[in-house]
Amino acid sequence: MASVSKKTSEKDYLCKGLTTCEGCGMELIARKMLQILGPNTIILTPPSCSAILTGISRETGWRVPAFMSNLESVGAYASGIRVGLEVLGRNDIHVVGFAGDGGTVDIGLQALSGAIERGHRFIYVCYDNEAYMNTGIQRSGATTLGAWTTTTPGGKTNQRKDVARMLLAQGIPYLATASVGYINDFANKINKAKSVDGPSYIHVHTPCSTGWRFPAERTIEVARMAVQTGMWVLYEAEEGKVRITRKIRSFKPVEEYLRLQKRFSGITEQVLQELKDYIREGYEFLQEREEKSGK
Amino acid sequence: MIRKAMDGNMAAAEGARLARVQVVAAYPITPQTPIVEHLASLIAKGRLAARYINVESEHSALCAVIGASLVGARVFTATASAGLALMHEVTGVAAGCRLPIVMPIVNRALPSPWSLWCDHSDSMGERDQGWIQFYAENSQEVLDLVILAYRLAEDKRILLPVNICLDGFFLSHTTEAVLVPEQGEVDAFLPPYCGQNLILDPQEPLAVNVLTGPEIFTEIKYQQKQAMDRVFPVMEEIGLEFARRFGRFYPPFSAEFCEDAEVILVTMGTMSGVARYVVKGLREQGKRVGLLKLRVFRPFPGKEISRVLRKAKAVAVIDRSAGLGSLGPLSLEIKGALYTSGLDEAPMVRSYIAGLGGRDITEETIGQVIEDTFGTLGNPRDEYASKWIDLRKEEC
């Protein structure tokens with residue numbers, strides 16, 4: 001098991017006492033991300049849970065400049081900011097999009113893909129809590145098959161959309177998945193993204209106590225269980241070369257992950273089997289890519 | 001200053017070049033495409049020191065220039081019709097963030113049905129979004145207004161984005177002679193942009209465009225309104241300087257033959273040229289008709305316009321957009337301006353719809369509008385309706 005960093009010397013660029021839900025994984029990710037990127041960072045958040053960090057009226061949680069973008073256009077704003085900074089000769093600033101799964105895999109996909117195609121230097125971090133949580137738990141393209149949400153009251157009938165894999169196919173200098181349960185792995189990946197001369201994309205699995213219906217103190221446990229059962233795989237791809245950063249020799253049964261959350265309480269045997277197939281296919285795909293990448 | 005043949009699109013692009021824009025983000029759409037092609041070519045050849053962002057939609061085009069403007073760059077984009085409609089969500093962001101973006105709209109009808117051709121339904125849909133809106137009559141105006149627009153938009157008293165509306169094909173694709181100022185002359189009029197309002201800068205961290213509660217939202221909107229209120233005095237000051245340097249003056253509207261006119265025709269855009277020709281002809285025949293050509297639609301110069309119009313017996317307004325469910329939008333503005341002027345007797349205002357989806361507004365159309373309005377002079381009507389003057393009734 002990975003140990004959580006004991007270092008306290010890292011300066012915080014996100015205030016304490018924010019109004020995120022108890023047990024919020026998104027806030028942890030944002031805090032860690034900025035500890036690594038430092039103060040020379042411009043943050044973009046769309047209307048989403050991350051907008052809580054950007055603030056209300058005269059208050060903001062960030063100690064760095066932030067812009068509340070539109071939901072579908074984080075990528076486009078990031079492009080404009082980067083090019084604007086370049087024409088003004090300011091090349092020492094990180095431009096970071098920090099968006100949820102809805103703003104990334106659904107409505108924001110076009111602008112994100114466009115910005116990646118253009119090769120602009122920016123870091124896009126998707127905190128994936130598998131639904132539209134800020135509006136109150138509606139399904140997104142990232143919601144797991146079988147999961148209850150307020151708009152899939154009988155359980156989601158489609159497999160999740162794997163946007164990290166889509167972007168791997170598109171081609172991007174640096175891409176990674178991460179998990180709030182493995183914060184040092186996430187930190188390493190932000191560190192790599194920091195020095196990439198082009199776009200980088202980090203998709204972070206972020207269990208949500210409020211929306212997934214588990215006790216607030218179990219966020220990290222749920223996140224780790226997702227990785228240990230293969231429901232979430234930690235990997236990175238540098239110039240398309242895939243490396244699984246946390247290899248799993250034998251997966252725990254997926255039921256152990258599902259059981260921790262009330263959102264899966266109604267799933268059928270058939271859905272369970274489809275999830276098992278999804279896990280196997282997903283891991284095999286990455287293993288094959290890793291082998292082809294020649295390590 | 002040199003004399004060159006160019007169409008409205010080229011004039012818009014040349015205006016942007018002379019304004020030394022630093023970032024262009026655009027998505028092609030008929031009839032705007034030649035503007036962005038020309039700018040891309042200028043940048044590629046090194047004739048304009050700017051960066052061109054090839055975006056994947058108009059929504060992203062405006063977001064990208066908003067982003068670049070937020071860090072302090074002078075930015076440009078252009079669009080039309082459905083592209084503008086797609087941008088609609090973020091036109092309010094540009095205005096609310098008080099960014100001096102200049103964006104020509106090459107007027108083209110909004111679907112449905114699909115049309116490639118001119119009317120003002122696209123730009124009219126943006127009229128309350130907080131942008132200054134100019135309507136140009138010819139290529140010279142387009143080029144000059146782009147340069148003027150940056151100076152106006154970037155003025156600390158204003159800080160509002162600007163649309164320059166030019167009629168698709170009628171103006172965008174019609175070549176005429178344009179006086180192109182020298183770069184040095186433009187530089188003397190338009191200094192480099194220095195962003196100083198809402199700027200994303202790690203040296204002075206600021207959260208911009210945040211969720212805003214009812215305790216302060218109204219006041220932020222009111223500040224936009226105050227900036228709009230300052231446009232005409234600032235525009236006059238800037239316009240006079242422009243006139244001193246370049247010899248051309250652009251007031252919010254121009255009134256011709258209006259002093260003793262019984263009927264005044266109100267127009268915007270390229271139809272004004274035809275209208276002027278027809279009005280001149282009728283004047284020679286002794287008909288007391290005048291022309292008020294509106295150049296600035298937002299803010300609306302209602303007070304000044306009502307001073308000209310109230311001397312007439314009737315006002316004929318031609319709208320190049322349908323105003324479905326009500327009257328033509330320009331006629332509503334004119335009626336509003338006259339009603340609030342505090343006069344006991346205001347002239348009758350006739351609302352005409354013409355020139356939709358590229359239908360030519362001909363001498364005959366203008367003639368019919370004037371004749372129809374004269375016909376109502378001794379014959380007041382109790383009606384609240386627009387007259388679709390160039391309608392082909394046999395098709396309805």
Checklist entry - For A:Y201, which sequence-distant residues (separation of 5 or more, or a different chain) have an amide H within less than 5 Å of its own amide H, given hydrogens modelled in the peptide plane? => result A:Y124, A:Y174, A:L175, A:A176
Item to check | P(r) histogram, all alpha-carbon pairs of the range A:1-101 included - 5 Å bins from 0, percent | outcome: 2, 12, 22, 23, 19, 12, 6, 3, 0, 0
Checklist entry - If the label point is 7 Å along Cα→Cβ of A:S57, which residues in the range B:218-262 have backbone nitrogen under 12 Å from it? => result B:218-219
Item to check | For B:H59, B:H38, B:H173, A:H205, order by how many other beta-carbon atoms lie within 10 Å, fewest first | outcome: B:H173, B:H38, B:H59, A:H205
Checklist entry - If you wrap a convex hull around the Cα atoms of the protein assembly as shown, how much volume per residue is inside, in Å³? => result 182 Å³
Checklist entry - Under 5 Å between amide H atoms, partner at least 5 residues away or on a different chain: which partners does A:A66 have, H built in plane at 1.01 Å? => result A:I43, B:L206, B:A207, B:V208
Item to check | Fluctuation leader among A:L272, A:L109, A:L44 - chain A, Gaussian network, Cα springs under 10 angstrom | outcome: A:L272
Checklist entry - Say each of A:R249 and B:Y277 gets a label point 7 Å from the Cα, pointing the same way as Cα to Cβ; how far apart are those two points in nm? => result 8.9 nm
Item to check | Computed helical MRE - 222 nm, chain A, DSSP H runs ≥ 4 contributing -39500 (n - 2.57), nearest 500 | outcome: -10500 deg cm²/dmol
Next on the checklist: List the GluC sites (Glu not before Pro) within the range B:323-396 that DSSP assigns to loop and that have no more than 13 neighbouring Cβ atoms inside 10 Å.
Outcome noted: B:E345, B:E383
Checklist outcome for this item: Total charge of the residues flanking B:V180 in space, meaning their Cβ is under 13 Å from its Cβ, with Lys and Arg +1 and Asp and Glu -1, is -1
Checklist entry - Sorting B:L48, B:L148 on the 10 Å Cβ count, fewest up front, what's the list? => result B:L48, B:L148
Checklist entry - Comparing A:S57, A:S79, A:S250, which has the greatest mean-square fluctuation in the GNM of chain A with Cα pairs linked when under 10 Å apart? => result A:S57
Checklist entry - Using θ = phi - 60° and the Karplus curve 6.51 cos²θ - 1.76 cosθ + 1.60, what whole-Hz ³J(HN,Hα) does each residue of the range B:17-26 get, with Gly and Pro shown as x? => result 4, 5, 7, 6, 4, 9, 9, 10, 10, 7
Next on the checklist: Please list, by residue number, everything in the range B:153-187 whose backbone N is under 11 Å from a paramagnetic label point 7 Å out along Cα→Cβ of B:E89.
Outcome noted: none
Checklist outcome for this item: Taking a crude spin-label model, label points 7 Å out from Cα along the C-beta direction, the B:T175 to B:K156 distance in nm is 4.6 nm
Next on the checklist: Need the C-alpha centroid separation for the range B:94-141 versus the range A:83-156, integer Å.
Outcome noted: 31 Å
Checklist entry - Where nothing but the Cβ of Lys and Arg (+1) and of Asp and Glu (-1) is charged, how large is the charge dipole of chain A around its Cα centre, in debye to the nearest 20? => result 580 debye
Next on the checklist: Please report the antiparallel percentage of the DSSP beta bridges confined to the protein assembly as shown, to the nearest 5.
Outcome noted: 25 percent
Next on the checklist: Considering all projection directions equally, how large on average is the shadow of the alpha-carbon convex hull of chain A, in square nanometres?
Outcome noted: 14.7 nm²
Next on the checklist: In whole Hz and in residue order, list the ³J(HN,Hα) couplings for the range B:72-89 that follow from phi through the Karplus curve 6.51 cos²θ - 1.76 cosθ + 1.60, θ = phi - 60°; x for Gly and Pro.
Outcome noted: x, 9, 7, 10, 8, 8, 8, 7, 6, 6, 4, x, 5, 4, 5, 6, 3, 4
Checklist entry - Using the Cβ atoms and a cut-off under 13 Å, what net charge is assigned to the surroundings of A:M26, where Lys and Arg are +1 and Asp and Glu are -1? => result -3
Checklist entry - Across 10 Å bins from 0, what is the distribution of all Cα-Cα pair distances for the range B:15-142, in whole percents? => result 13, 46, 35, 6, 0
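Which trypsin sites (Lys or Arg not before Pro) does the range B:1-107 hold that lie in a coil by DSSP with at most 16 other beta carbons within 10 Å?
B:K45, B:R47
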Item to check | Residue-span extension gain [B:E284 to B:D260] - 0.36 nm each, minus C-alpha spacing | outcome: 7.2 nm
Next on the checklist: Test of understanding: extend the Cα→C-beta vector of A:E288 to 7 Å, then name every residue of the range A:165-183 with backbone N under 15 Å from that spot.
Outcome noted: A:165-166, A:169
Checklist outcome for this item: chain B, Gaussian network, Cα under 10 Å: of B:A50, B:A78, B:A11, the residue fluctuating most is B:A50
Next on the checklist: About the Cα centre, and with charges only on the beta carbon of Lys, Arg (+1) and Asp, Glu (-1), how big is the dipole of the range B:2-246? Nearest 20 debye, please.
Outcome noted: 460 debye
Item to check | Alpha-carbon Rg with Dmax, taken over chain B, Å | outcome: 20.9, 69
Checklist outcome for this item: With -39,500 (n - 2.57) per DSSP H segment of 4 or more residues and division by the full residue count of chain B, the 222 nm estimate, nearest 500 deg cm²/dmol, is -12500 deg cm²/dmol
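Read the figures in this text as sums done on the coordinates, not as results from a lab. Because the structure is predicted, anything quoted here is derived from the model rather than measured. When we count neighbours, we look across all protein chains shown, and the Cβ atoms used for this are built from the backbone with ideal geometry, even at glycine.
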